[in-house]
Amino acid sequence: MKRSRRTLIPAGIAIAIASLFISATLLLGNVLDSQAVKNFTSQYGNAEYSAKLDNDSASYTSDSPTLATTGFAKIPSVDGVSDVRYSTVESLSISAGSSTSSTNQYAMGIELSTKAGIMPIDLTDGSWPSKAGETALDSDLAQKLGVSIGDTVTFTTDYTGDDATLTPITAHVTGLTDDPHELYSLSGGSVTLTSDDMVELARQNLRLESSSASDIAKFTHDDMNADTVYFSLDQGLSDSQKNTVIDQIRSQVKDAKVMSRADDANEYMRSLNGGGVNPVTAVILVFAVLAMFVAALVIANTFRVLVTQRRRTLALLRTIGASKGQVHRSVLAEGVVLGLEYSIAGTALAYIIVAILSAAKVQGIELIPSVASILVPIVFATVITVLASSGAAQLATSVTPMEALRPIDATEKAGIKAARAVFSVLFLGIGLVLCFRAMSMAANMSTDSQNYAVPLFIAVPACILVFIGLIMSTQAWVPWLLSGLGHLVSLTGASGIIAAANIRKNPRRIAATSGALLIGITLVATVATGASCAMAAVNHELDSHYSVDASIDGATIGSDTIDRVKATDGITDAMSIGSYSVAMSSQGTAPDLSDVNSTPAQTSMYVIPDSAIGTVVADTFGTHHLEDGVVYVPSQLHADAPNTTPNLANGDKLSMVVTPSKDDMNTLVCGPYDGIDTSQTPQTTVTLTVQTGTFAIGDDTHSLAISEGTARSLGIDPGRHDIWLKVDKNADTSKLIDDLGKMATDLNATNLSGSFIYRKMFDMVIDIAMKVMLALLSVAVIIALVGVANTLSLSVIERQRESATLRAIGMTSGQLRASLAWESVLISLGAGLAGLVAGGFFGWVGAVTLLTGATVPFAPNWPVYIGIVLLSLVAALLASVLPARRATKVPPVTALADAD
Amino acid sequence: MTAAPNATMPMAGMVTAGTAIQAIDVVKDYGTGDSAVHALRHVNVAFERGKFTAIMGPSGSGKSTLMHVLSGLDSVTSGHVMFNGYDITTFNDKQLTLMRRDYVGFIFQSFNLLPMFTAEQNIVMPLTLAGKKPDKQWLHRLAADLGIEDRLDHRPSELSGGQQQRVAIARALITHPHVVFADEPTGALDSVSSTEVLSMLRRLVDETSQTVIMVTHDAAAAAYADRALVFSDGRIVADVNHPTEERMSELVMEQRHSAAKLAAAGAPAAPVAPAAPVTAPTPVQNDPARR
Ligand SMILES: Nc1ncnc2c1ncn2[C@@H]1O[C@H](COP(=O)(O)OP(=O)(O)O)[C@@H](O)[C@H]1O
Ligand SMILES: [Mg+2]
């Protein structure tokens, strides 16, 4: 019994690796999910929920919504709500030191949450402000101001002109903060204030607008504007209690959407995929299915190798009188024990590995335990073990004991062979057809379809079917592939010749080993290709969401400005751009600016030279040449703001009032709301032909674009006041933000925006996805290594006599080692190439069906492919080390000893 | 049985120009202590160039061990093996391997052809291992002489035992080795094939002056040789020039009887006939029953 357990150790290792693989995949999936949520909802801080104004229904109506009118003001007093943070912000001008030698900085005042527990920035030193006259400063800002904890700063709301009517607010610095998500860095850094000081800043604004003293005195926190409120609930609430609290909040707020952080992140990620399936969730799901599939194959394959040995034992049992039933029962019991033991060990190992990675602070990886990551691997691996081992027993008992005692190669029945051929062709055929069906389905599906997951759910089993077909037919195509490679290797000398001959001799075993390797490599190639295809598609999506990396608006641009900007570290290109301020009515007719109720949409219209497309603005207009007489409109425009914008299609006519955009925003905005006299501003009414495109310039998705020719025909020159920048992806973000801030100040710019910061968040998530891939890769390599080493060891034992003969007639031990290494390399290379082709295809199918509606290009991931080939070569060489040592340790004479 | 008996025999004579290979006071023990097996006990023997020598003796008497030690397949416990003027007991594994590859030919009882290669590929394998091109003329002469010309493209599994052994002989000769060692080359063959193989070896020695050392059980096979040694319990107990079948059968029978007696007595063996130091070129004939 002890002996039989020893022979089952390789199977045990396979089970452990398989369950480790599943568990690690699920654990890393948890990491990916949590990182995605964290990164895309960094504004939440530690808050679990938010209430957000429904932008479109609330904006452009008579008055800006206040905390009182939206009901947001009542949230803190709802039973069960713990901490609340309003998204109120006030631009401010802050200074430190004496009035004579003061350093002045622009910054962003933000409001402290009611219990100071859910801020989106981290307190690195000191404490949060607790009352009016206290503040926590961003540490970079504090450094620029030259202040530390205990010092005093003064600030006023940000305003132009030397209006002396404002009395600066004085505050003690109680703490320093860090802004890991760069939420406020573009605005100069955060100044955290209590609500009282925020109200005071708002009152200063009212003073600037010359409101009456009584209005100013009446102004309270309830009159502040905030489009979002973040909140957390009391500890220890049950799910139903939480729902009650949320329902109560829903009944209190108006025109707002209350949702959890996870839902928010999910919605955001879905929006990136054109409203389809959340790509992160889908990736994790697909990974989990693949991991289980791989685990099943690894276990089944190991048992297939074991059958050769076990058959003899089981057959001997039968010859001495054990019944089929007895054999089956003993094998079954053995399978359950074996499966449980090793899958528990493998799962524990996965937890240990992830815990170590997390303790080693491998960026982003943390241990997030879940029931699924424990139960799924253990149950699944045990079930597969039992199935695989009873399959082995079936093989051994399906023939007479005498037949079973003969070597397995001799006993394969022609019937089994034919059945295998038929089934593998059937699987391949059906699988491929389904793959292509799913792909065409995905390509023709509209983005808002409710059935967005259907193509993926067809594609995954289809790919698995194709792969099973491939594995089943390895005996047909692996020898063919390897004999080709073998001819090449034979050219290298005696070791290569012998390796190639050995491989030719035992196609069955080689095919089985290749199968094991093929699994690992196909998986890696699938994931790599899927990731790169999906990334290409997501990048395209991002380009249309964030078409310009960064822009400095309303700047005073001199002759050498652009060159100076270009010379800045991290900026690869820059171009000055002219823009118009535009009013268009939702009816599509020319808006009447004197009519207050016509609600024309205010937006910017940029003059984009052809040379800017693909350099400072993403190439998403669908053309490199903007036509004259055409206005390019974002296809998202009407969907984002149905009440205020016209619904436009290609070829429609759009009439609008166009005003040149200048550096001074106040004289620019031509809208009836501010009571600005538009008769002083040069303007023209034009009608242009509409061409829609997927682009978004700056922070808003409403900006229009025209060619230079169109701009000339308008007759009013907007001047070039904006600088668009192309940013190096790998640049140090915080330094770049700093430089941009300085630049904007130097150029007297009115606004600085940088969508590259949002893209940075994606890079972070993609980075983590890559790490997950690397982790999977290493497991796949271990699988490959164990498989190849096993086969080689078996061959070495069987070939003892041949090796000894070769050694006797003059093969050096170096040549013998080299020949085993070649053999291993041949097997690995063959499996590697086949795996790359199969995995590349599966990955593409996966990406296409995952991102429904989007055009997913086939994006080969060459670095990973080359990495796989190199890795499989290294793994092959490593795998040959132990068998080679075994082969050369046997002195030639022992193996030659004739029985005499 | 703690140690090998002291060497009572005089040292072997000088290595002369006519000596192909010589064992000097060679001891080979397997294992140590009580369980030690003394496979060779102070063996001194020289083999003449261009001669066909047969080694006979009961099973387990040390014949194969001597052959392995002489050919550099195995190490000695003590003593020296002079091959071509070199003491190969000082060689490392690589030197030994290259020596075997370039200067030694092997013929095995069970042929030991490589199943994945054709007959021709098997024959030229020592050259392949050396990275050398085979001498086509020599290959075809060998194949013609051995009668396997039309079998060169066949794999071992498609050849009869006799044909396989002929392929093995060709493999042993392809490098023009200094010595060919054959360990019971006819042991797995029927009598017709055996006769063929032995005649070929005889012809080889006569026509090309190839040095051949052959281990055999069969007195009739020994009769093909120029000289026959008889082994017993790790010692040479007889050395016969121009052996005949009857003479060798007689000698082997004697050894069986004494071995049986010894086994019954449980005492260390004493040779029936004292083995004599052998000096090439003319082996000293100590056998009282000399013809
Ligand atoms: N590798 C080995 N390990 C232990 N004993 C061995 C080994 N090879 C041979 N022997 C022993 O050495 C003795 C001589 O063996 P061998 O030379 O093969 O005899 P022969 O070829 O004459 O039949 C025998 O007793 C044998 O059992
Ligand atoms: Mg022997």
- request: Treat every Asp and Glu Cβ in region A:46-273 as -1 and every Lys and Arg Cβ as +1, leave all other atoms uncharged, and give the resulting dipole magnitude about the Cα centre to the nearest 20 debye.
  value: 300 debye
- prompt: Which distance in Å, rounded to a whole number, links the C-alpha centroids of region B:50-66 and region A:483-541?
  reply: 51 Å
- prompt: With a sphere of radius 13 Å drawn around the Cβ of A:I706, what net charge do the other residues whose Cβ falls strictly inside it have (Lys, Arg +1; Asp, Glu -1)?
  reply: -3
statement: Of A:145-153, A:705-713, A:207-215, ordering from highest average Cβ density within 10 Å down gives A:705-713, A:145-153, A:207-215
message: Per-residue Cβ counts within 10 Å, from other chains only, averaged over B:103-116: what number is that?
response: 5
- prompt: In the neighborhood of A:P180, defined by Cβ-to-Cβ distances under 13 Å, what is the net charge if each Lys or Arg adds +1 and each Asp or Glu adds -1?
  reply: -4
- request: Sort region A:46-273 into rounded, prolate or oblate with this rule: let a ≥ b ≥ c be the square roots of the eigenvalues of the Cα gyration tensor; rounded if a/c is under 1.5, and if a/c is not under 1.5, prolate when a/b is larger than b/c, oblate otherwise.
  value: prolate
- request: Take every residue in peptide B:65-73, count the Cβ atoms of other chains within 10 Å of its Cβ, and give the average of those counts.
  value: 3
Peptides A:85-96, A:732-743, A:417-428 ordered by average Cβ neighbours within 10 Å, highest first: A:85-96, A:732-743, A:417-428
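Over region B:135-260, what percent of the accessible surface lies on carbon and sulfur atoms, probe 1.4 Å? Could the numbers behind the result be given before it?
Numbers: 2380 of 4970 Å².
Carbon with sulfur: 48 percent of the solvent-accessible area.
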message: Rounded, prolate or oblate, given the Cα gyration tensor of region B:118-163, with a/c below 1.5 counting as rounded?
response: oblate
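Average partner chain C-beta neighbours within 10 Å, per residue of A:798-809?
6
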- prompt: Between A and B, buried accessible area summed over both sides at probe 1.4 Å, in Å² to the nearest 100?
  reply: 2300 Å²
- request: Just list whichever of A:K74/A:K131; A:K324/A:K505; A:K257/A:K742; A:K52/A:K742; A:K505/A:K889 have alpha carbons separated by over 29 Å in the model shown.
  value: A:K324/A:K505; A:K257/A:K742; A:K52/A:K742
- prompt: What is the diffusion coefficient of region A:147-236 in µm²/s, taking the Kirkwood radius over Cα pairs and the Stokes-Einstein relation at 37 °C with a viscosity of 0.692 mPa s?
  reply: 210 µm²/s
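Longer than 29 Å from Cα to Cα, which of A:K361/A:K760; A:K361/A:K726; B:K94/B:K132 are they? Say none if no pair is.
Long pairs (Cα-Cα over 29 Å): A:K361/A:K726.
The values are calculated or read from the model by the stated rules, or taken from the named source; none is laboratory data. Every value quoted in this text rests on a predicted model; they were computed, and no experiment measured them. All Cβ positions, even for glycine, are placed from backbone atoms using ideal geometry, and neighbour counts span all protein chains on display. Each accessible area value is taken on the protein alone, full model and side chains, heavy atoms only, with ligands, DNA and RNA left out. Shrake-Rupley method; radii C 1.70, N 1.55, O 1.52, S 1.80 Å.
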